[in-house]
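Accompanying notes for the structure given below.
No value in this document is a laboratory result; all are computed from the given coordinates. Everything numeric in this text was worked out from a predicted model, so none of it was measured. Glycine also receives a Cβ, built like all others from the backbone with ideal geometry; neighbour counts cover every protein chain displayed.
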Amino acid sequence: MGLSSLEIITFRNLHSVNIKPNAELNLLIGENAAGKTSFLEAIFYLSYGRSFRYSQTKHLISHDEEYFRLICNLDDNKTRIGLEKSYKNQLIRVNKQAVSRISELSTLLPVLILHPDSHQLISSGPENRRQFMDWGVFHVEHQFIISWKKYKKALSQRNASLRMKQDDKLCSLWDIELIEHASIIEKYRLKYLDDIKIIINDLSKELFPDHKIELIYKKGWPDDIEYKDHLKSNLYKDKEKGYTQSGPHRADIKINVNGYPAQSSISRGQQKKLVTLLKIAQLTLFSKISERRCILLFDDLPAELDRDNQDKIMSILSKLNIQLFITAIELNQINTGYWQNHKVFHVEHGVISGI
Ligand SMILES: Nc1ncnc2c1ncn2[C@@H]1O[C@H](COP(=O)(O)OP(=O)(O)OP(=O)(O)O)[C@@H](O)[C@H]1O
Ligand SMILES: [Mg+2]
């Protein structure tokens, strides 16, 4: 769903913000340190219960304050979410009912982000790529989270046994549960990647016309062996390390461009464009299978892409059924021509006003 209103209280340098965004396109314009990224961070927090900047939650509370509060109404005209985070507690309410799991908010308010460090999806370790894939699977396959939680529970039990150097039988007790859920997780992930690859191919024609982009799933253990056999034959190595070294929690997506690893073969700008393409593919797939709308937060768009690529991306984004928030330093850096209407918000020293 999109946001029809948003209130932010004592979050970073945003002391009291109350806005009614446009259903489609919103621009947040302001100088360095005005509070633009903090604004996107507040929306991101409402969906993920954490920041996208590597930051402890306590740093999100405005200095010298005890808590932050985020309140929003969704554009389904019936859902109101309230979240209050203090140093010790977090309270979440949906339509005045207490909610204990942040995953409920993620379902109500699906959010994706592109920011200046997003190229790390390609250049950094596998965790980013697993998160990318699992965001999609989570929103498509509602069984996924159940299997994932069971897998994680069995994994932590097995790891505890390994750490305590219990005998082989006790350590392997968890294997059945691990194997069962590993196969469900793999099935869902492969299906999601198959679906998204079709959209990536389509988008590549426009954004990467001279490149062949490939996504190859690496399941977290060698291809030529079954998981159960691999767990068995590696038990002594796992015991030595004190944790389970293989499984879907170690999966990865190999991203190749023209047959070479994207990590080392394309420029930083191309990596940024490729990550943008991947996220747009996710949004497109999401819109196809869900009745809900997704929010895209695009931090510092002009700094990310050259004019020609920006233009192509704006044209693609304008055709998607999403709510978009873009930040920039100057208004004339953004081409809004593809939209019928939009709203501009001016951000200055933590104060946000509509223009
Ligand atoms: N917990 C906090 N309390 C108060 N202010 C904070 C807190 N955390 C960060 N800030 C300040 O908030 C300000 C806004 O930061 P933000 O990253 O949102 O700016 P920005 O508008 O995105 O700037 P840029 O254009 O440089 O990216 C900064 O001056 C930062 O130091
Ligand atoms: Mg910023």
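Charge tally around I19: other residues with Cβ under 11 Å, Lys/Arg +1 each, Asp/Glu -1 each, net +1. Residues K279, K20, K312, ranked from the fewest to the most other C-beta atoms within 10 Å, line up as K20, K312, K279. Charge tally around G242: other residues with Cβ under 12 Å, Lys/Arg +1 each, Asp/Glu -1 each, net +4. Classified by the C-alpha gyration tensor, segment 1-102 has an oblate form. Its axis ratio a/c, with a ≥ b ≥ c, is 1.5 or above, and a/b does not exceed b/c. Using a cut-off of 25 Å between Cα atoms, the listed pairs K153/K218; K279/K319; K36/K273; K187/K273; K150/K239; K187/K288 include K187/K273 as exceeding that distance. May I ask you to evaluate 6.51 cos²θ - 1.76 cosθ + 1.60, the Karplus curve with θ = phi - 60°, for each residue of segment 314-328 and list the ³J(HN,Hα) values in order in whole Hz, giving x for glycine and proline? Result, ordered by residue: 4, 5, 5, 4, 5, 8, 8, 8, 9, 9, 10, 10, 10, 10, 7 Hz. Using the Cβ of C171 as centre and a radius below 11 Å, the other residues enclosed give a net charge of +2, where K and R count +1 and D and E count -1. Taking the Cα centre of the chain as reference, the dipole from Cβ charges on Lys and Arg (+1) and Asp and Glu (-1) amounts to some 940 debye. Rounded to the nearest 20 debye, the dipole magnitude of segment 126-289 is 520 debye, with +1 charges on Lys and Arg beta carbons, -1 on Asp and Glu beta carbons, and the Cα centre as origin. For K191, a cut-off of 16 angstrom between C-alpha atoms picks up these aspartates and glutamates, skipping any fewer than 8 places away in its own chain: D134, E141, E214, D252.
Phi angles of segment 194-203 translate, via the Karplus equation with coefficients 6.51, -1.76, 1.60 and θ = phi - 60°, into HN-Hα couplings of 4, 5, 6, 4, 5, 5, 4, 4, 4, 5 Hz per residue; Gly and Pro are given as x.
As a proxy for reagent exposure, ranking F44, F298, F52 by other Cβ atoms within 10 Å from fewest up yields F52, F44, F298. In this structure the amide hydrogen of L173, modeled in the peptide plane, comes within under 5 Å of no amide hydrogen from residues 5 or more places off or on another chain.
Remark on L25: its backbone amide H falls under 5 Å from those of L324, K343, a criterion applied only to residues 5 or more positions apart or on other chains, H modelled at 1.01 Å from N.
Of all beta bridges that DSSP places with both ends in the chain, some 70 percent have antiparallel geometry.
Backbone geometry of segment 160-173 corresponds, through the Karplus equation with coefficients 6.51, -1.76 and 1.60 at θ = phi - 60°, to 3J(HN,Hα) couplings of 5, 5, 5, 4, 7, 6, 5, 6, 4, 4, 5, 5, 7, 4 Hz, x marking Gly and Pro.
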